[in-house]
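Here the structure is laid out as structure tokens; the discussion comes afterwards.
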Amino acid sequence: MRLDKYLKVSRLIKRRTVANEACDAGRVLVGGKPARASYEVKPGDELTISLGAREIRVQVVSVQETVAKNDAALLYKLL
């Protein structure tokens, strides 16, 4: 699954266009390196998302096309 779509499905970022813009601006890192929105997310990847003053580090646990709102947090583990 594409990185921008994963960020939206997991609800780490609210909209896919915002996720796409964050990737283009270099605010999303995968394994410490800037990643493009088209990067294929795999379980075990470590994501660092910098939005404003917040920085979120998560590890991808699962990749699914659709999930219920209550289950979205199960797709990743906070580090």
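The values are calculated or read from the model by the stated rules, or taken from the named source; none is laboratory data. The model shown is predicted, which means the values in this text are computed figures rather than measured ones. Neighbour counts are summed over all protein chains in view; Cβ atoms, including those assigned to glycine, are modelled from backbone coordinates with ideal geometry.
Quick notes
- Out of Val41, Val67, Val61, Val28, sole residue that is in contact with a helix residue (DSSP H, G or I) (Cβ under 7 Å, 6 or more places away or on another chain), at pLDDT 95 or above, among the hydrophobic types (A, V, I, L, M, F, W, C) and surrounded by fewer than 17 Cβ atoms within 10 Å (Cβ to Cβ): Val61
- Number of positions in the range 22-39 that are of a type outside the set (Val, Ile, Thr) and within 17 Å of Ala53 (Cα to Cα): 6
- Selection count where residues are among the charged types (D, E, K, R), under 19 Å from Glu65 (Cα atoms) and touching a Leu at 6+ places or on another chain (Cβ under 8 Å), scope the range 1-35: 1
- For the residues Leu75, Leu79, the requirement of being of a type in the set (A, V, I, L, M, F, W, C) and surrounded by 15 or more Cβ atoms within 10 Å (Cβ to Cβ) singles out Leu75.
- Note on the range 10-25: residues that are surrounded by fewer than 17 Cβ atoms within 10 Å (Cβ to Cβ) and either within 9 Å of the chain's Cα centre (by Cα) or among the polar types (S, T, N, Q) (or both) total 2.
- Whichever residue in the range 45-55 is among the aliphatic types (A, V, I, L, M) and either surrounded by 15 or more Cβ atoms within 10 Å (Cβ to Cβ) or touching a helix residue (DSSP H, G or I) at 6+ places or on another chain (Cβ under 9 Å) (or both) and, among such residues, is farthest from Pro34 (Cα to Cα): Leu51
- Strands (runs of 3 or more DSSP E) lying entirely in the range 32-79 (those with 3 or more residues that are touching a residue at least 24 places away in the same chain (Cβ under 8 Å)): 46-51, 54-60
- In the range 33-79, the residues that are in contact with an Asp or Glu (Cβ under 6 Å, 6 or more places away or on another chain) and over 15 Å from Val9 (Cβ atoms): Gln59
- Across the range 6-24, the number of residues qualifying as over 14 Å from Leu47 (Cα atoms) and either in a helix (DSSP H, G or I) or touching a residue at least 12 places away in the same chain (Cβ under 8 Å) (or both) comes to 7.
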